[in-house]
Amino acid sequence: MTARPIYENGEFKGAIIAAEDMTKLYHMQRKLEESERRYRGIFNTAPSIILSLDKDLKIQDSNRMVSILGYKPDELIGKNINDILEDKIKEPVPGEYRIKRKDNSILYAKINFSRLKDEIIAIIEDITPLKESIKEKELLLREIHHRVKNNLQIISSLLGIQERKIKNQEFKNMLSGSKERVKSIALLHEQLYQSTDLASVKIKDYIENLVRKTLQAYPTDIHITTDIEDITLNIETSLPIGLIINELLTNTIKHANATKAEIKLKKTNQELKLHYKDNGKGLTEDEIEKSEGLGWQLIKSLTNQLLGKLTIKDNKGLDLMITFKELKYKRRY
């Protein structure tokens, strides 16, 4: 209400009183105040760090959870969010970030950004325990691969000791072949624990190392060339490939009377092609099919394991092609 006095010749004659109904405005103000209290309550009691940013990414407000970073809420006001981010940003893009605490230690966080007109809300979730747990599991898995590799090398060494003690040449050859097969499996585990990705293998490095170690085991003048595409394959696929190449190389060195051999592995779309050639005496597809030797039986079995197709060209020497696709990981529990 407002009142205005009326005077005439200095004498008070009355007043004009105006009243305005403010009921709606009053209730609106009460609702706004209640909304603000509710917002502040949620803002301050949220279990995650919440930052209010302007369009230039400067911090306008923060809740009490910034204590996780070692700050008081008002200490961050006026700073740019990049002052606390290890991974600097130009635009607010949701994702995983490293945040620098006040004591310079690192907090791993998942940050979601939401725009509200001229305000950007950043909700920061601490995922440091999850990251540390994953890191511990990775270290454990590396240790397992390392121990498996060491145990396989021990088995290979024991087979070598037995091989040297046996006089029968047929038995010696059997033990020698088994020893090299165990070594090729051990090499795969070595590649895995040295890899950044514990679930897959750089197949180029694996095959080239396998060839080098096979030549060390069986010194020869045979010239071996490789043309391997630089791709990664899972362990389900890599192990059969390694064992197949080990058998083919061993056969070339020991039995083929060859002077050179070539190994190719290429990927076209989702199809992989392993091509092996040497200039030795060669075998026909029929001879391989009827072969009772463990090596060729193993190659055929491993090709089936890869769900692949084995073809042999009737050329001078051995000319073999295995066409297959990367196997999907099979859940074991």
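Structure above, values below:
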read-out	value
Residue identified as surrounded by 20 or more Cβ atoms within 10 Å (Cβ to Cβ) and modelled with pLDDT under 90 among Ile253, Ile288, Ile263	Ile253
Within the stretch 88-110, considering residues that are open to solvent by less than 100 Å² (accessible area, probe 1.4 Å) and not in a strand (DSSP E or B), the one nearest to Met65 (Cα to Cα)	Arg101
Out of Ile155, Ile161, sole residue that is surrounded by 13 or more Cβ atoms within 10 Å (Cβ to Cβ) and at pLDDT 80 or above	Ile155
The stretch 104-147, residues that are under 22 Å from the mean Cα position of the chain (by Cα) and of a type in the set (A, V, I, L, M, F, W, C)	Ile106, Leu107, Ala109, Ile111, Ile127, Leu130, Ile134, Leu139, Leu140, Leu141, Ile144
Odd one out for Ile155 among (1) part of a helix (DSSP H, G or I); (2) of a type outside the set (S, T, N, Q); (3) within 23 Å of the chain's Cα centre (by Cα)	(3)
Pairs, first outside any strand (DSSP E or B) in the stretch 111-129, second open to solvent by 30 Å² or more (accessible area, probe 1.4 Å) and of a type in the set (Val, Ile, Thr), C-beta under 9 Å, six or more apart	Thr128/Ile106
Test for Glu143: is it out of contact with any Asp or Glu (no Cβ under 6 Å at 6 or more places or on another chain), surrounded by fewer than 11 Cβ atoms within 10 Å (Cβ to Cβ), under 30 Å from His189 (Cα atoms) and of a type outside the set (Ser, Thr, Tyr)	no
Scope the stretch 212-245; condition within 22 Å of Gln305 (Cα to Cα) and either outside any helix (DSSP H, G or I) or over 28 Å from the mean Cα position of the chain (by Cα) (or both); matching residues	Ile228, Glu229, Ile231, Thr232, Leu233, Asn234
Hits in the stretch 38-83 (condition: assigned to a loop (DSSP other than H, G, I, E, B), at pLDDT 85 or above, open to solvent by 20 Å² or more (accessible area, probe 1.4 Å) and not aromatic (Phe, Trp, Tyr))	Asp54, Lys55, Asp56, Gly70, Lys72, Ile77, Gly78, Lys79
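The values are calculated or read from the model by the stated rules, or taken from the named source; none is laboratory data. In this text the structure is predicted, and so the values were computed from the model without any measurement. Cβ: placed from backbone, ideal geometry, glycine included. Neighbour counts: every protein chain shown. Calculation scope for accessible area: heavy atoms of the full protein, side chains included, ligands and nucleic acids excluded. Shrake-Rupley method; radii C 1.70, N 1.55, O 1.52, S 1.80 Å.
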